[in-house]
Amino acid sequence: MNTAARVALVTGAGQGIGRAIALRLAGDGFDLALADVKADKLDQVAGEVRALGRRSEVISCDVADREQVLAAVAQARKGLGALNVMVNNAGIAQVAPLLDARLDDVRRILGINLEGVLWGIQAAAEAFRAQGGGGKIINACSIAGHEGYPLLGVYCATKFAVRALTQAAAKELAHDGITVNSYCPGVVGTDMWVEIDRRMSEVTGAKLGESYDRFVGNIALGRAETPEDVAAFVSYLASADANYMTGQSVMIDGGLVYR
């Protein structure tokens with residue numbers, strides 16, 4: 001998909017959905033700033049971006065730390081010359097009954113899934129304004145931002161909150177020509193879902209793979225989602241075709257949750 005924007009920053013770009021988004025945007029003609037707390041995983045992705053003929057900038061960043069997110073955006077602009085698209089993709093999941101939630105665990109997931117998105121919105125908006133306005137902010141939400149699931153209650157709360165941030169930011173930043181949208185994947189075949197399945201097995205006594213298979217069995221299109229499925233939708237959100245879309249958190253889940 002052709003796009004006028006040239007530089008995108010993707011957090012959590014070292015693996016899974018983040019890697020797929022980075023490679024899809026590189027294929028669309030973007031240069032990529034690749035940010036991840038696991039910086040050792042970024043060199044391979046950076047090489048894949050360069051193999052597609054695009055420039056890449058590798059950035060070590062813990063999105064829960066506001067100063068690190070601001071610094072990541074500054075490094076992207078310095079290394080690649082501008083910033084046109086910010087993809088706040090980094091996130092984690094936690095599997096536990098709500099009654100077992102403890103302060104340290106709640107603070108950790110809020111710091112990454114919610115605060116990380118907020119800091120990304122702030123940093124990107126500041127950069128876009130400094131460049132004269134315009135730009136796209138794309139946030140990682142989830143079907144868990146539209147429906148609460150047992151054993152994933154705190155995770156769901158963070159994703160419901162991302163929807164709220166997306167709507168509020170879209171309204172606040174529209175006069176600067178900045179659009180803000182979210183993508184809401186379902187059951188994606190990544191390491192995150194391997195971990196979710198493992199923890200559900202520990203909590204419920206289900207066999208390994210059973211919880212994953214149960215969720216996949218409810219998908220209308222009959223298969224688990226791939227990171228590339230998600231990346232294809234992010235490609236649209238990053239493109240000029242989505243210029244008139246803002247404040248939306250759209251499910252791309254193969255037909256699992258209907259709203």
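The values are calculated or read from the model by the stated rules, or taken from the named source; none is laboratory data. Given the structure is predicted, the values throughout are model-derived calculations rather than measurements. Cβ coordinates were reconstructed from backbone atoms using ideal geometry, including for glycine residues, and neighbour counts include every protein chain displayed.
Odds and ends about this structure:
- Meets criteria (buried (at least 23 other Cβ atoms within 10 Å of the Cβ) and not in a strand (DSSP E or B)) for Ala13: yes
- Of all residues making up the stretch 114-149, the number that are polar (S, T, N, Q), assigned to a helix (DSSP H, G or I) and under 15 Å from Val85 (Cβ atoms): 0
Okay, residues lined up against (1) closer than 22 Å to Ala26 by Cβ; (2) assigned to a helix (DSSP H, G or I):
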site	(1), (2)
Leu151	no, no
Cys156	no, yes
Lys159	no, yes
Ala164	no, yes
Gln167	no, yes
Asp197	no, yes
Val203	no, yes
Val216	no, yes
Glu228	yes, yes
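- Number of residues in the stretch 237-251 that are within 26 Å of Gln15 (Cβ to Cβ) and surrounded by 18 or more Cβ atoms within 10 Å (Cβ to Cβ) equals 6.
- Among the residues listed as Ile17, Ile92, Ile59, the single one being closer than 21 Å to Lys159 by Cα and either of a type in the set (Ser, Thr, Tyr) or touching a strand residue (DSSP E or B) at 6+ places or on another chain (Cβ under 9 Å) (or both): Ile17
- So Val187, is it crowded, with 21+ Cβ neighbours inside 10 Å and closer than 28 Å to Gly132 by Cα: no
To keep it simple, each residue is scored yes or no on (1) assigned by TED's automatic domain parsing to the domain that holds Tyr155; (2) in contact with a helix residue (DSSP H, G or I) (Cβ under 6 Å, 6 or more places away or on another chain); (3) under 15 Å from Ala123 (Cβ atoms).
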residue	(1), (2), (3)
Ala35	yes, yes, yes
Ala46	yes, no, no
Arg50	yes, no, no
Asp62	yes, yes, yes
Gly81	yes, no, no
Gly91	yes, yes, no
Leu103	yes, no, no
Arg108	yes, no, no
Gly111	yes, no, no
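- Of the residues Glu147, Glu225, the single one that is more than 19 Å from Asn88 (Cα to Cα), of a type outside the set (Ser, Thr, Tyr), buried (at least 21 other Cβ atoms within 10 Å of the Cβ) and touching a residue at least 40 places away in the same chain (Cβ under 8 Å) is Glu225.
- Residue within the stretch 205-222 that is outside the structural domain of Pro150 (by TED's automatic domain parsing) and β-branched (Val, Ile, Thr) present: yes
- Within the stretch 190-205, the set of residues being surrounded by fewer than 17 Cβ atoms within 10 Å (Cβ to Cβ) and either closer than 14 Å to Ile143 by Cα or of a type in the set (Ser, Thr, Tyr) (or both) comprises just one member, Thr204.
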